[in-house]
1. Please report, for A:THR14, the nm distances (one decimal) from its label point, 7 Å out from Cα along the beta-carbon direction, to the equivalent points in the remaining copies, shortest first.
2. Starting from the Cα gyration tensor of the stretch C:1-80, take the square roots of the eigenvalues, sort them a ≥ b ≥ c, and report rounded, prolate or oblate (rounded when a/c is under 1.5, otherwise prolate if a/b is larger than b/c, else oblate).
3. Quick check: from the Cα gyration tensor, does the stretch A:36-85 come out rounded (a/c under 1.5), prolate or oblate?
4. Could you tell me which of B:GLN38, B:VAL215, B:MET187 has its Cα farthest along the dipole of chain B towards the positive end, charges placed at Cβ (Lys, Arg +1; Asp, Glu -1), taken about the Cα centre?
5. Measure out, as a whole number of angstrom, how far apart the alpha-carbon centroids of the stretch C:65-144 and the stretch C:244-278 sit.
6. Starting from a label point 7 Å past Cα on the Cβ side, list the distances from A:GLY237 to the same position in the other copies, nm, shortest first.
7. Within 10 Å of each residue's Cβ, count the other Cβ atoms and sort C:PHE286, B:PHE195 from fewest upward.
8. Taking the Cα centre of the protein assembly as shown as origin, work out the dipole magnitude from +1 charges on Lys and Arg Cβ and -1 charges on Asp and Glu Cβ, in debye rounded to 20.
Amino acid sequence: MSTASDMPANWWNTAAAKNPALHFMDVLLRGVGQVMFQNNPLTGLLFLVGIFWGAYSANMPAVAWGGLLGLLMGTLTAYAINAPKEDINIGLHGYNGVLVGVALPTFFSPTPTLWAYIVAGGIFSTILMLAIARVFKTWKVAAMTAPFVITTWFLMFAAYNFANIKISGLPHASISVQPTDIYAVTMPEFWKAAFAGVSQVFLINNVVTGVFFLVGLACNFVWAAIFAFLASMLAVGTALFLGAGTTAIVAGLFQFSAVLTAIGLGTTFYRPSWRVAIYAIVGTIFTVVAQGALNVVLNVYGVPTLTFPFVVAAWIFLLPNLDLVPETHRN
Amino acid sequence: MSTASDMPANWWNTAAAKNPALHFMDVLLRGVGQVMFQNNPLTGLLFLVGIFWGAYSANMPAVAWGGLLGLLMGTLTAYAINAPKEDINIGLHGYNGVLVGVALPTFFSPTPTLWAYIVAGGIFSTILMLAIARVFKTWKVAAMTAPFVITTWFLMFAAYNFANIKISGLPHASISVQPTDIYAVTMPEFWKAAFAGVSQVFLINNVVTGVFFLVGLACNFVWAAIFAFLASMLAVGTALFLGAGTTAIVAGLFQFSAVLTAIGLGTTFYRPSWRVAIYAIVGTIFTVVAQGALNVVLNVYGVPTLTFPFVVAAWIFLLPNLDLVPETHRN
Amino acid sequence: MSTASDMPANWWNTAAAKNPALHFMDVLLRGVGQVMFQNNPLTGLLFLVGIFWGAYSANMPAVAWGGLLGLLMGTLTAYAINAPKEDINIGLHGYNGVLVGVALPTFFSPTPTLWAYIVAGGIFSTILMLAIARVFKTWKVAAMTAPFVITTWFLMFAAYNFANIKISGLPHASISVQPTDIYAVTMPEFWKAAFAGVSQVFLINNVVTGVFFLVGLACNFVWAAIFAFLASMLAVGTALFLGAGTTAIVAGLFQFSAVLTAIGLGTTFYRPSWRVAIYAIVGTIFTVVAQGALNVVLNVYGVPTLTFPFVVAAWIFLLPNLDLVPETHRN
């Protein structure tokens, strides 16, 4: 479904088919691309560039290297437990690992125990992927990023019970989460929010990273980039209308799950069309509501929602299996 | 299965089959009736009368009009996404919407944003209905009122994170919920509790409304009214025995889910018989325990259980698919 | 699969087949053995001896008698609702009841209401067993001890809302659970922790009880005893590495779920082998992490995890249905 020139893609595919090392790199890169449903190594490469840019800009290199380690562990685990080769080859056992590896150093200090935690998280994420995918296959729906979210939640909740895991960036646990920072956004803040909404899919708050991600999406499928960016803007508008905290909106925190919902519903599991676009809009708005709801549920524990609002929205909106000319891209 | 005279029913069915407007009204009324499993427009009409009576008595007209709006949105959404006509026609895409529309104004101030919230809730509730029904169809069990509960929970939890949704009637969030108001009920209080237990199915605390609901049930199936009222009394007794707060019992809050469990287990998914009655009694007692448990879980967030104790009980007691002469009335 | 002499087993089986009273006793004893996956009445008898030893040592006889009452109620309920005889005969409707009956007097004062609670819990646990087993049969995975855990949770959460259920031993509800009691364990403490980790499967903190349980396991299958004890030691090591509270480790609280995971993954649902042993090790480590995570989640409510860390681990590690020469022993 690539809309860019297929020349370099063909060259790479031929080279990767011949050389095991290149093939393995191809699998890893596709794993990064699959975080936003794109089975494309160039997309994955651009996502990685965006991650490294964002991580080094924030002076948190462990975020980028952790992502690579998680990606590696998730993929190697899939080989070790004989997961189906056709799933491994399109990156389905890498996308959860890379997210686990990016998420943990975002919230924990980079101690040696953290790296053991990332290794364990990468392994668990692939076992969870197989478990969740098997359950949801019953209704022909994919696991989405649930294996990443649930793995990371287990490790985060547990960290509050284990003294050797040093929490650095988790929010303070409290019952009240009513926002106190509501103000009108300026135009530059609006555009900042729209791009950060895309970059936060990988937990990064950075406009340039958001641009890299959109370019990566467009490399594989222009509609994916368009739906992603429009969804980020729609999520900004919905969050402002409902009265979410403005700081959180400008940081992209009400948009990243909505971006994934829109790419998934609008371009991956359904083909883009007017009916599908309307359905994706309803799903995007629901995702913003779900973000607010899950913020409240998890704030009691001082644990972030990660991409669970997207997971919930995708499951709810795909389970009805509506006949909007469905087309399933992922197992 | 109607036990009342079938004359007016036949006249109405013939008229509704000819006239699209009457047919649509028939679908809406059956949707209201399906809240208590009754596929009967007259039952739905009597329920609506009870709702309007209770809402206006409590000086909360938005509860009744919100119910109508939710009913309308849920049903229209079902048409828009091509839900199966045979489900729409018996009201299966109206009962969650009407409950969402009744619940939101019970707990939120009637601002313009609230009406947008009801519209969104009505739409979400039908999509959730299709999602949950598809999952539970795997085990031949119905969605019950789970789409209503989950939709309303998302909107309520989110409201604590959104400044523009004004909470008016939600309980204060706190960890302790040990009752401090335990006293012997008088005979008038006992009867008040029994009728309010029925009216609270639609979140209304009103004896007259309870009578309207029981008459509505009896119009379609006398056993449904009998099981409903006996279950309400059994729930009062169970709650008193266990030591629940007396004020909550007199307001009907430990009974409404039990009423639904008893109608469901005793008369809808099984045919009434002695074996079934015993099973319904065990299920009713379990529902009261589940009500207490879920009160504790949700009190931390200041969010009500709605009818989830019933949903949990119905799923647990129907999933074993026991051979008590089963008879499935709902998809 | 018995490795001990089969002579007494054959004599008992013949006697139990002829005498209904002995057959019923056989069913009850197998129910106790099934808590650790052993379909063997002698194993069940040794478990019972361990339970009585531990309960009377702790001056809590109600724990042992409650266990018997729960076992009886769970099994009788299975007969009453016509559960498949082949399941009843191998103890599958007793193991949840005995656990409910052991758990409730551990945390509640032995008032008359408590005994009514145990009776109700035994009944509920069998209905829940049938419900959960039916759902998970879809993916050929067993219910594990989920019916026990969920039944007991409902009764415990509810107790905070009901004045007539007297809580005696539940932890205080609080948000923070960071351990403050971290110190190096001595060698005697290490061995105490390893044996208590086994005895805590039945909520008992007693070395002699742990020995009885290991002997009971070995009577039926020597590998089960070996995996159980090695898993308890591995869990002690993992919990120490992560920085769990030392007092809790010495009391066996980070090990009992891991013991069940290792017996289940390593010897019951898979045949022991090197590949399986590695998988069981990963599962055991995951169970310790899940124990920490669920401690944090439930501590807000002052409710213990019971064996849910095991249930979660078993489901996650069995759902992928990996081809490690699988062999399903339980429905």
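Please treat every number below as a calculation from the coordinates, not as lab data. Just so we're clear, the structure is a prediction, and the values are computed from it rather than from any experiment. Cβ sites come from the backbone with ideal geometry, for glycine too, and all protein chains shown count toward neighbours.
1. Sorted ascending, the copy-to-copy spacings read 7.8, 7.9 nm.
2. oblate
3. Values: a/c = 4.25, a/b = 1.63, b/c = 2.61.
Here the stretch A:36-85 falls in the oblate category.
4. So the residue we want is B:GLN38.
5. Centre-to-centre distance over Cα atoms comes out at 23 Å.
6. Ordered by increasing distance: 5.8, 5.9 nm.
7. Numbers: C:PHE286 25, B:PHE195 22.
Placing the least packed residue first, the sequence is B:PHE195, C:PHE286.
8. Charge dipole, the protein assembly as shown, about its Cα centre: 640 debye, nearest 20.
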